[in-house]
Amino acid sequence: MQFLWLALSIPLLMSSAWAEEPADVAEEDASVLEDAIAEFVPTYSATLKQLGANYTMHLRGIEGSDSVSFDVRADQVVTKARVNLEYSYSPSLLSDLSQINVMVNDQVAASLPVPAETAGSLQQQVIDIPPHLVTEFNRLTLQLIGHYTMMCEDPQHSSLWAKVSNTSTLELETTPIVLPDDLSRLPLPFFDGRDSRALELPFVFASTPDNLALEAAGAVSSWFGAMASYRGAHFPVALGQLPEKGNAIVLMVGAATVAGVEGIEGARPSLTLVANPNDPYGKLLVIAGRDGEQLKQAALALVSGSHVLSGAAARIDRIDSLQSRKPYDAPNWLPSDRPVQLGELIEAKRLNVSGYNPGTINLPMRLPPDLFNWREKGVPLHLKYRYTPQPVSTNSSLLISVGGKFIKSLPLPSQESLKDDESLMAKLQQDDSLLREAELLLPLNSLPLQSALQLRFMYDYIKQGECRDIIIDNMRGTIEPDSTLDLSGYEHFIAMPNLGVFQSSGFPFTRMADLAETAIVMPAGAGAEEFSFYLDVLGRFGDSTGLPATAVTVTQGDDDTQLKDRDLLILAAAGNQPLLQRWADLLPASLNGEATFELSDLVHRVRYWTGSDTRANLRQARSSLAVGTGGAGAYVAGFESPLSSERSVVVIAAASPEKLIDVSTALRGGEDYEDSLQGSLAVVNGGRINNLVAEQQYYVGELGFFRYLQWLLAHNLAWMLLFTLLAVALTSVLFYFMLRARARARLND
């Protein structure tokens, strides 16, 4: 109704303003109307780089092309689309035979001429895309149709090229639509996988949440964080007030209500989907319960059973846990107790490619961060692949890389080189493709925790001679889904503290995917900023594991029994964390009163953080600095729990609640940050991360007895000398008694 009223009012307001008001007033009213219209016309703009093209598109040959994908949210309809294209092309192209096509879903939206007078220079062009070509799932393709001669030409001649900058932008204007109140559509509209932008989803508490309410909210935020994945997620928090526009999650306990949310009682655990009274296009997901336990029950039903819900409301009668989780069983992590098939990592259809220069097959890999790779040769990869042998070739190969680092090249023999193998030739007569297998070792010490196994088929282009060069696109390649990657030979053992693995994987908290062995210590008198930061952190944990944090414990730290045998994440702002005052002698930094920080030579960049050799990573504190004013606004520190050995504590403290947003942004990282968190102490100054100390004082995990003994002796000269002396003494004693026994035997004889 509000949108309809605006549409009907626009001509009346414009006519009255132009008829009766001076020109400057009319311009002011027109500006106000434009702003009002823009509020109901969401716009979306993204560069080709943001859409996945991390490189300048290089279109080669007589029919070279490259593409990116873009999708449209389910609650929006595209009314206008355009591409702001930045490109250049070869001066050798014949303008009357060549062109650059802009296609959407294989339909030509525009054909750009390539005049000779602008060849070789950067061009800019705005191309309007007919809205009817845009659907929910779309592919934007740039295609070069290139020719350099009227006579016989080489289809892969070096003069046939065009380059499209990945700073080119795609702009969409959309009209919102109202979705029905139906729980079966969850997680829509709160999260839409077709939207590549970062998720921002407000949480509204009817009253100041207690620990159980925070545990319920944390399960929901980690669920959305797992779905948001690479996009990132931020969860602003409000107390008793709905957002002015958009969607929100509302949590209500008992008789506490939120203005605008009526008719929902918290007598039983329930999930209800209603419209946002402040925005006709926004939705509210109301999670309600009589008390904190029921609220948590409703939240767990949402994150674990949303696929079985339907209608506008659901009442939860019971939810039971049938099986407890095991360490390292996070769905997003590669299994470390069995070989994993590559078909488990991506869809089988994405393991197939075609053409002489096909795209790269990317298999995402997220490794457990504590794999012990000392003196290990590498991760066994049993690769099965199928390809189309060329009649003649010399350099056709399958290139294998991990995280952009080249590992090995496997040759793809031609039919000519296989002609002596009668069995293979017989198979080729029955099947155009040839199956081969290879055993490789991937070096674990050079693999980032989040990387990709990259496989690319490269085929020779054989010159046939003048007027005979014709490209026949019959080359095919596939990676068999039952190829395996095996981490089961690695044990779990890592030196701590290590803020690097905390930032990248949430370790050690994510060792249990549901955070069953984690306690989060909230500050006293926490407000909206602290609650929002807590939800952001759990969203990152969900991104790491792929599971909601259904077993996390929230506490204020006043009872040590709740902190024993758990990994602790302690949040503090403006000195409102009593636990840090009790453990002040363990902290490498403090923001209570004056700011104090321990310093090591890590700040001088004597050597960069490496990773494999724990001794080389050590940067122990050498001095301490106290600052009365002008100190850093926030820090992150790690140390061993004083309550339980081999348990970790990570402290995130800020000088004020507002500074916590800087830490949340730093944890997400990205191109704006030159550094990432490392070591045992790091400070966050706005958009800058400075690592101060790298003290590794304890170890987490288990090694076999002999493996641990080998590692201990190799890293400790004193232990090696002691062990050698003991071995020599023991051997001497054994020889002494043995020789004495032989002497006594001879005397007796």
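The values are calculated or read from the model by the stated rules, or taken from the named source; none is laboratory data. Values in this document were obtained by computation on a predicted structure and should not be read as measured data. So basically every Cβ, Gly included, is an ideal-geometry build from the backbone, and we count neighbours across all protein chains shown.
Restricted to the range 384-402, and to residues that are within 26 Å of the chain's Cα centre (by Cα) and buried (at least 16 other Cβ atoms within 10 Å of the Cβ), which residue is farthest from residue 493 (Cα to Cα)?
Looking at the filtered set, the residue picked out is 400.
Restricting to the range 120-144, give me the number of residues that are part of a loop (DSSP other than H, G, I, E, B) and either crowded, with 17+ Cβ neighbours inside 10 Å or of a type in the set (Phe, Trp, Tyr) (or both).
1
Assuming residue 707 fulfils every condition listed in (1) over 21 Å from residue 509 (Cα atoms); (2) of a type in the set (Lys, Arg); (3) in contact with a Leu (Cβ under 9 Å, 6 or more places away or on another chain) apart from one, which condition is it?
Exception for residue 707: condition (3).
Of all residues in the range 580-602, which are over 32 Å from the mean Cα position of the chain (by Cα) and not in a strand (DSSP E or B)?
Within the range 580-602, 581, 582, 583, 584, 585, 586, 592, 593, 594 meet the criteria.
I'd like to check something: does the range 509-523 contain any residue that is farther than 24 Å from residue 370 by Cβ and in contact with a helix residue (DSSP H, G or I) (Cβ under 9 Å, 6 or more places away or on another chain)?
yes
Tell me, which residue of the range 557-575 that is among the acidic types (Asp, Glu) and in contact (Cβ under 8 Å) with a residue 12 or more places away in the chain is nearest to residue 693 (Cα to Cα)?
Looking at the filtered set, the residue picked out is 567.
Answer yes or no: is there a residue in the range 728-739 that is in contact (Cβ under 8 Å) with a residue 40 or more places away in the chain and not in a strand (DSSP E or B).
There is no residue in the range 728-739 that is in contact (Cβ under 8 Å) with a residue 40 or more places away in the chain and not in a strand (DSSP E or B).
Take the residues of the range 307-333 that are touching a Pro at 6+ places or on another chain (Cβ under 7 Å) and under 24 Å from residue 345 (Cβ atoms): which is surrounded by the fewest Cβ atoms within 10 Å (Cβ to Cβ)?
Here the residue is 328.
Within the range 84-119, can you find the residues that are in a loop (DSSP other than H, G, I, E, B) and either crowded, with 16+ Cβ neighbours inside 10 Å or touching a residue at least 24 places away in the same chain (Cβ under 8 Å) (or both)?
90, 91, 92, 93, 94, 97, 98, 105, 106, 114, 119
Part of a loop (DSSP other than H, G, I, E, B), in contact (Cβ under 8 Å) with a residue 24 or more places away in the chain and surrounded by fewer than 19 Cβ atoms within 10 Å (Cβ to Cβ): does that describe residue 414?
yes
Could you list, in sequence order, all residues of the range 89-124 that are touching a helix residue (DSSP H, G or I) at 6+ places or on another chain (Cβ under 9 Å) and among the hydroxyl-bearing types (Ser, Thr, Tyr)?
The answer is 89, 95.
Pairs only if they're at least six apart or on different chains, beta carbon under 6 angstrom, first in the range 689-709 and assigned by TED's automatic domain parsing to the domain that holds residue 598, second part of a helix (DSSP H, G or I); list them, first residue then second.
Once the first residue is assigned by TED's automatic domain parsing to the domain that holds residue 598 and sits in the range 689-709, its partners that are part of a helix (DSSP H, G or I) give 689/666; 691/602; 692/603; 694/602; 694/617; 696/614.
Kindly check whether there is at least one residue in the range 260-268 that is in contact with a Gly (Cβ under 7 Å, 6 or more places away or on another chain) and more than 18 Å from residue 220 (Cβ to Cβ).
No, every residue in the range 260-268 fails to be in contact with a Gly (Cβ under 7 Å, 6 or more places away or on another chain) and more than 18 Å from residue 220 (Cβ to Cβ).
Got a sec? Which of 655, 666, 632 is within 16 Å of residue 598 (Cα to Cα) and not assigned by TED's automatic domain parsing to the domain that holds residue 200?
After applying the criteria, what remains is 632.
Within the range 188-216, count every residue that is surrounded by fewer than 17 Cβ atoms within 10 Å (Cβ to Cβ) and either within 19 Å of the chain's Cα centre (by Cα) or without any contact (Cβ under 8 Å) to a residue 60 or more places away in the chain (or both).
Qualifying residue count, the range 188-216: 8.
Which pairs turn up if I take residues in the range 434-446 that are in contact (Cβ under 8 Å) with a residue 60 or more places away in the chain and look for partners that are exposed (fewer than 15 other Cβ atoms within 10 Å of the Cβ) with beta carbon separation below 8 Å, at least 6 apart in sequence or on another chain?
Short answer, once both residue conditions are applied: 441/377; 445/612.
Hey, can you tell me all the residues within the range 437-475 that are over 25 Å from the mean Cα position of the chain (by Cα) and at pLDDT 85 or above?
437, 438, 439, 440, 441, 457, 458 - these are the residues of the range 437-475 that are over 25 Å from the mean Cα position of the chain (by Cα) and at pLDDT 85 or above.
Only residues in the range 576-591 that are closer than 21 Å to residue 695 by Cβ and at pLDDT below 85 count as the first member; pair them with residues that are part of a loop (DSSP other than H, G, I, E, B) and not aromatic (Phe, Trp, Tyr), Cβ under 7 angstrom, at least 6 apart or cross-chain, and list the lot.
Final answer for the pair search is 591/575; 591/655.
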